[in-house]
Amino acid sequence: DRRHAYPQPFWRARTSEAGHAYTYTTDTCIVPPATPNAISETTSGQFVLACVVWSPTSFSELEQMTELEDSDLGSHCHSAGGVCGWTCDSVINSDLLEGCTADSTIEMTKTSIAGREIPSANFQGSIEMRECLNGNLDGKCDTATEKFKQWNCHKCLYDPRTEDDMRRRLQIPGMGGLPSGLPGLDPDPDAPAGIPGIGAIPGLGPDPSGSAAAGKGPMIYTSLPRFHVTVSASSAPSGTDVFSQPRVFIFQSSRESRGKWTKLYKHNYGMTQPPVAVGKDNKPLVKEDPDSYDEELAPVTDAASAHAMNLNQQNRLEIDPGWCYGRQ
């Protein structure tokens, strides 16, 4: 253990406080836009901010909020920070966005965000965001060194229709709805796709029924890649009303809505399937086998677990030999 090195510390910079870092990896797709024609903020100047909370009370309040102001971040966030500017391999200098540095990070102090003072704030530590190399796929996140402006965006597909909506679409007059999963009864492939600018997607079209999802066909939109969030140089607050591990929310804001923040990710899509990353052919990159799904084995994730960060003890070194020495 590096903390037990004598007579001098193994690494002086790794103290009991600075040696603890907490990490979190985001989902593959950001929240879908409200409408297919909405302008994606991933292609305009924006701020992406991580808000780290230790208090269960603050977590519950943030979980219920859909839109926040700077004062809300100052009241609830123990640590805050993030990236900013234009992304998706942009050539626009990040410091042209007020409150953003040349290396695409948000200007932060203990009491301010992007140059705006927040009287209720007392932010601790520092936050770093790095793009995952395979940002359009789930799994292990090996981080890249590129700035936010150089991140590689990808496309995501979201279908707001529920299974009941699809069953009503397949309904035969006088016979009621048909059970899902019958071979040869896919949605009408001749129906026009309702996704502006990308042409038809085989098997996907607008819902002509009178359901709640009528007029809301599948949409493809631009998403940020998965990225890794690290908060360091910050210790857990004292008291009893604290998590054993911090929770994190990712918020976004734009030039037009400075001081107002919305959630960049959504963990509960109700009766619809969450968005999935798609390739150049507009087809999902990862296809799930419907026969492999077992409801009893499906993981149950509550809101607190979905936002939980993991402890990374940088002042501790563990060696697990997984191979054998050669003959001597």
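The values are calculated or read from the model by the stated rules, or taken from the named source; none is laboratory data. What you see is a predicted model, and the numbers here were worked out from it, not measured in a lab. Note that we place each Cβ from the backbone using ideal geometry, even for glycine, and neighbour counts take in every protein chain shown. Please note that ligands, DNA and RNA were not included when accessible areas were found on the heavy atoms of the full protein model with its side chains. Shrake-Rupley method; radii C 1.70, N 1.55, O 1.52, S 1.80 Å.
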Among the listed residues R116, R130, identify the single one that is touching a strand residue (DSSP E or B) at 6+ places or on another chain (Cβ under 9 Å) and among the basic types (K, R).
R130
Over the range 228-260, the set of residues open to solvent by less than 40 Å² (accessible area, probe 1.4 Å), of a type outside the set (A, V, I, L, M, F, W, C) and in contact with a His (Cβ under 9 Å, 6 or more places away or on another chain) is S232, S234, P246, R247
Give all pairs with beta carbons closer than 9 Å in which a residue from the range 47-61 that is open to solvent by 10 Å² or more (accessible area, probe 1.4 Å) meets a residue that is of a type in the set (A, V, I, L, M) and modelled with pLDDT of 95 or more; count only pairs at least 6 apart in sequence or on separate chains.
F59/V53
Restricting to the range 133-148, and then to whatever is open to solvent by less than 30 Å² (accessible area, probe 1.4 Å) and modelled with pLDDT under 95, can you tell me which residue is farthest from V248 (Cα to Cα)?
A144
For the range 143-158, pairs from a residue that is touching a residue at least 12 places away in the same chain (Cβ under 8 Å) and over 21 Å from A102 (Cβ atoms) to a residue that is of a type in the set (F, W, Y) and in a strand (DSSP E or B), with Cβ under 9 Å and 6 or more apart or across chains, are K155/Y221; C156/Y221; L157/Y221; Y158/Y221
Could you grab me the full set of residues in the range 110-124 that are surrounded by fewer than 21 Cβ atoms within 10 Å (Cβ to Cβ), in contact (Cβ under 8 Å) with a residue 60 or more places away in the chain and of a type outside the set (D, E, K, R)?
A114, Q124
